[in-house]
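The values are calculated or read from the model by the stated rules, or taken from the named source; none is laboratory data. All values derive from a computational prediction rather than experimental measurement. Backbone-built Cβ (ideal geometry, glycine too); neighbour counts: all protein chains shown. Heads up: the accessible areas ignore ligands, DNA and RNA and are worked out on the full protein's heavy atoms, side chains in. Shrake-Rupley method; radii C 1.70, N 1.55, O 1.52, S 1.80 Å.
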Amino acid sequence: MPIQKIKKGYRKTKYILYKETLIDFKEHFWAFVGSFIGIGAIAYFNSHHFVDSDNVYLIGSFGASSVLIYGNIQSPFSQPKNLVGGHFISAIIGVTIHLLFPEIIWLAAALAVSIAIVLMQITKTLHPPGGATALIAVIGSSKIKELGYWYVLSPVLIGVLILLLVALVVNNITENRSYPSNNRYHKKYHTFKKRIIKKL
């Protein structure tokens with residue numbers, strides 16, 4: 001009996017190690033393409049609205065979101081509701097806390113992230129990079145802080161919608177990648193694509 005358990009455990013471990021170390025070049029390629037286009041589009045938009053020293057649109061949490069929505073597209077945290085809702089809620093909380101406690105950075109930072117997490121949990125929009133979005137509103141550059149609630153709309157909401165739009169296109173180009181995780185959008189996307197190809 002103990003030998004069978006050991007053999008079973010060994011087989012499971014071997015399978016997990018195999019899955020974790022498996023290199024899927026197609027998956028990596030599309031993750032690269034998606035993140036390159038998404039972040040590139042935001043950076044391009046930024047370069048036409050601000051001088052190089054004010055990278056307002058390139059907030060760090062967008063990099064973290066890119067890891068999820070292009071590299072781990074089936075994760076619950078990567079879904080559109082979580083992406084948009086998580087950043088939106090966190091941005092509002094971050095700005096509000098900064099306005100309430102502008103001089104007490106340690107308190108504002110802790111409150112912004114903690115309240116953002118709880119509200120994302122309550123609204124079922126948990127998106128880990130949202131915590132960074134809330135924090136950036138408190139500890140960001142003077143340019144970010146000057147935006148006030150405009151920070152929620154731009155850069156946060158505009159940047160998130162750019163990332164989402166790119167994800168909806170790039171993550172559904174091939175048949176074996178589907179985003180969002182429910183397949184309805186994926187099927188409609190490919191049906192529409194086939195119609196366009198026939199007309200051309």
Quiz item: Taking the stretch 109-128, which residues are outside any helix (DSSP H, G or I) and either touching a Lys or Arg at 6+ places or on another chain (Cβ under 7 Å) or small (Gly, Ala, Ser) (or both)?
Solution: 125
Exercise. Filter the stretch 90-108 down to the residues that are out of contact with any helix residue (DSSP H, G or I) (no Cβ under 7 Å at 6 or more places or on another chain) and either assigned to a loop (DSSP other than H, G, I, E, B) or in contact (Cβ under 8 Å) with a residue 60 or more places away in the chain (or both), then identify the one that is surrounded by the fewest Cβ atoms within 10 Å (Cβ to Cβ).
Key: 103
Quiz item: Can you name the helices (runs of 4 or more DSSP H) wholly within the stretch 129-200 that have at least 2 residues being open to solvent by less than 60 Å² (accessible area, probe 1.4 Å) and touching a His at 6+ places or on another chain (Cβ under 7 Å)?
Solution: 129-139
Quiz item: For the stretch 156-200, how many residues meet the condition of being over 19 Å from residue 26 (Cα atoms), without any contact (Cβ under 8 Å) to a residue 60 or more places away in the chain and in contact with a helix residue (DSSP H, G or I) (Cβ under 9 Å, 6 or more places away or on another chain)?
Solution: 3
Practice problem: Find the residue count for the stretch 109-128, including only residues that are touching a helix residue (DSSP H, G or I) at 6+ places or on another chain (Cβ under 8 Å), free of Cβ contacts under 8 Å to residues at least 60 places away in the same chain and open to solvent by 50 Å² or more (accessible area, probe 1.4 Å). | Solution: 7
Self-check item: Top-ranked residue of the stretch 1-60 - restricted to ones that are among the β-branched types (Val, Ile, Thr) and at pLDDT below 90, ranked as farthest from residue 146 (Cα to Cα)
Solution: 3
